[in-house]
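Data first, discussion second: the structure below is written as structure tokens.
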Amino acid sequence: MNRRHWAGAAALAVATLAIAGCTSGGTTGSGEQDAGEPVSGGTLTWGVPAEPSAGGIDPMVASAIAAEVIDSIAYDTLLTRDDDGTVEPALATEWDQPDELTWVFQLRDDVTFSDGSPFDAGDVVYSFETRADGGSNATYLSSMESVEATGDHEVTFHFSQPDGTFLDAVSARQTFFIVSEEGYGTATEEERQTTTAGTGAYQVTEWNQGVSITMEKNEDYWGEEPYLDKIVFELYPDENTLLAAVQQGSVQAASFIDGSLAQQAASTGFTLGDAAFRQNLAIYINPEEGPLADVNVRRAFSLALDRQALVDTAMLGNAGVSFVPPAGDPGAPETADLPYYTRDLDEAKRLLEEAGEPNPEITLSYMGDVAAAHHPVYEMMQQQLAEAGITLTLKATPLAEISPIFTTGESWTDLVAIPGSPRASAVFYLEPVLLEGGVYNHWDGNPDAEKARELLQQAKAATSPEEYNDLVDQLATETAEQVLEVVPAAVPVYFEVWDSNKLHGYENDAFYSRSALDRAWLSQ
């Protein structure tokens, strides 16, 4: 299995992360001509296939990718990474680990939030305490004992046990956004979900739901002044309509879920950015009732899938055979080594007979209103499973109805497909599934998940890279052994295209944060 990135005591300031298949720049299109010197002004129009859903753009609540890529422009994290994985300063300028249970960060003293309130250690303490108290990604902080301001611009984190993934977490661009205790703390729920008041280069000033999200330049931005005045993300739920907007020149950039449509956009002269398979087409299991409560039915389900055919045929090659974490992540396991992962129809049928379920009927809910490019995967799965005697009923469900499944338990079916977000480190992909409070965790008290949960906790508390790597290998094997999650394939989060004869200085990044928009500019 692949060796993994480690962020622990042995790697305090620099961490290398080889992003498989993802480099800066674009691969297809007319190519950027000499644009001359950057100029200020203008509005960039960017077409997107989805808008934020549950929680809106509240950085403490929202977890949808459509929200994260907006928030990553509006908010900053303590640290960040460049595309080769090197950890770099952001709101923190220095960081140190004096012992295995303590991290100390020195903060910038020249930063203000877009509402004018000054940034200091209190905001960092407030942000992490709010997240730890049930915010999104709270499970990432399970070993954080406390966080305190040890100076106006110094923050110290204390842990109950070693946490070898903490530096990964605080340098991931979509994990721990820092908010203002003054501004965010006094804002209404509606204000938090529909506008932003961060330290990032652009801030959300208007959200016309179902139409567009407008971001304007942050005049108080602590970095170099951005060139663009505005960025308008226009919503195109039908990606064929988005392709038409590209062809007609209505947008200067676009994000596609469907790789074949992105390639068509590139054929019109747009640049197609490189992309890694960083997003799992994760399918979460209902182990509480129904046929999938039996591990042998789950194993038969996994064995009946021909994942390479799903990649080659259903996704036209725009995907990769994957498990947890996704194929484009440096922590991705070698799927050939995993139990119940290579197709074997005879063994699948035998397991079903052993379970007393020779012809189980299983319902899969998936997002029927977005991510249309993924739907052929579910349809082909239906055909493959039928060869083993499994009837898969597909239930197209609006995103707004799928999201509450994991918060209220309503409409919980046998399987629910929700494409995942890129995570900061290998174990993070399974934390929401296995740990208490995890948004996708329906395994509490289930003995089938007990060993995996223990391995995950041991990996988080590992004190050396070698120990961490070994435990993550064991975790992947155990997760596949018990079939705690189904991953038919991994895909890019988005395929980004842009008109490089109009939008200059932009390159897509490995983390889908659109960080280069800070310095991008438009021909006038």
Over what distance in Å are the Cα centres of segment 464-483 and segment 288-336 separated?
17 Å
When the C-alpha atoms of segment 220-348 are aligned to their principal axes, what extent does each axis show, in angstrom, from largest down?
58, 37, 30
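Just flag the GluC sites (Glu not before Pro) in segment 339-426 sitting in loop per DSSP whose Cβ has no more than 11 other Cβ atoms within 10 Å. Don't skip to the end; give the middle numbers.
On the way: sites: E347, E353, E354, E361, E379, E387, E401, E410; in loops: E387, E410.
Passing sites in segment 339-426 are E410.
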Taking a ≥ b ≥ c as the square roots of the eigenvalues of the Cα gyration tensor, with a/c under 1.5 meaning rounded and otherwise prolate when a/b exceeds b/c and oblate if not, segment 110-165 is oblate
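Pop out the carbon and sulfur fraction of the accessible area of segment 233-273 as a percent, whole number, probe 1.4 Å. Intermediate results must be reported in sequence, preceding the final value.
Details: 590 of 1430 Å².
Answer for segment 233-273 is 41 percent, counting heavy atoms of protein chains only.
What does the charge count around E478 come to, taking other residues whose C-beta lies under 11 Å from its C-beta (Lys +1, Arg +1, Asp -1, Glu -1)? Walk me through the numbers on the way to the answer.
Details: positive: K451, R453; negative: D448, E450, E454, D473, E481.
Net charge in that neighbourhood comes out at -3.
For segment 97-141, just say rounded, prolate or oblate: build the C-alpha gyration tensor, square-root its eigenvalues into a ≥ b ≥ c, call rounded for a/c under 1.5, and beyond that prolate if a/b exceeds b/c, oblate if not. Spell out each step's value before the answer.
On the way: a/c = 3.43, a/b = 1.26, b/c = 2.73.
Taking the square roots of the gyration eigenvalues as a ≥ b ≥ c, segment 97-141 is oblate.
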Work out from phi, with θ = phi - 60° and the Karplus expression 6.51 cos²θ - 1.76 cosθ + 1.60, the ³J(HN,Hα) of each residue of segment 148-155, listed in order in whole Hz, and give x for Gly and Pro.
9, 7, 9, x, 4, 10, 9, 10
Which residues in segment 255-298 place their backbone N less than 20 Å from a point set 7 Å from the Cα of D344 along the Cα-to-Cβ direction?
294-298
Which whole-angstrom value gives the distance between the alpha carbon centres of segment 488-519 and segment 164-228?
19 Å
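Where does the chain land on Rg(C-alpha)/(2.2 N^0.38 Å)?
Working: Rg = 22.6 Å, N = 524, 2.2 N^0.38 = 23.8 Å.
Here the Cα radius of gyration is 0.95 times the empirical estimate.
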What figure in square angstrom, to the nearest 10, would you give for the accessible area of M60 with a 1.4 Å probe?
10 Å²
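Please give the per residue accessible area of the chain, computed with a probe of 1.4 Å over protein heavy atoms only, in Å². Before the final figure, lay out each step's value.
Details: 19010 Å² over 524 residues.
Here the per-residue accessible area is 36 Å².
Which of the peptides 83-94, 166-177 is most tightly packed, and how do the rest follow, judged by the mean count of other Cβ atoms within 10 Å per residue?
The most tightly packed comes first, giving 166-177, 83-94.
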With label points built 7 Å along Cα→Cβ from the Cα atoms of N446 and A516, find their separation and express it in nm.
4.2 nm
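Net charge within 13 Å of G445 by Cβ-Cβ distance, Lys/Arg positive one each and Asp/Glu negative one each, not counting G445 itself?
-4
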Carbon and sulfur atoms account, in whole percent of the 1.4 Å probe accessible area of segment 160-211, for 40 percent
Given an 8 Å cut-off on Cα distances and at least 6 residues of separation, report the relative contact order of the chain as a percent.
23 percent
At 0.36 nm per residue, and after removing the present C-alpha to C-alpha distance, how many nm does the segment from E288 to E224 gain when stretched out fully?
17.8 nm
How high is the FRET efficiency between Q161 and N240 when r is their beta carbon distance and R₀ equals 51 Å, given to the nearest 0.05?
0.50
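Under a Cβ-only charge scheme (Lys and Arg +1, Asp and Glu -1), can you give me the dipole magnitude of the chain about the Cα centre, in debye to the nearest 20? It would help to have the intermediate numbers written out before the result.
Numbers: 24 positive and 85 negative charges, 277 e Å.
Around 1340 debye, computed over the chain.
Any idea what the alpha-carbon Rg over 2.2 N^0.38 Å comes to for segment 266-404?
Numbers: Rg = 16.3 Å, N = 139, 2.2 N^0.38 = 14.3 Å.
Compactness ratio reported: 1.14.
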Give the lysines whose C-alpha is closer than 16 Å to that of K460, dropping any in the same chain fewer than 8 places away, or say none.
K451
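What is the extension gain from E387 to Q106, computed as 0.36 nm multiplied by their sequence separation minus the C-alpha to C-alpha distance, in nm to one decimal?
On the way: separation 281, 0.36 × 281 = 101.16 nm, distance 5.92 nm.
Extra length available between E387 and Q106 comes to 95.2 nm.
The values are calculated or read from the model by the stated rules, or taken from the named source; none is laboratory data. Only a predicted model underlies this, so the values are computations on that prediction, with no experimental measurement involved. Glycine also receives a Cβ, built like all others from the backbone with ideal geometry; neighbour counts cover every protein chain displayed. Areas reflect the complete protein model, heavy atoms only, side chains present, ligands, DNA and RNA absent. Shrake-Rupley method; radii C 1.70, N 1.55, O 1.52, S 1.80 Å.
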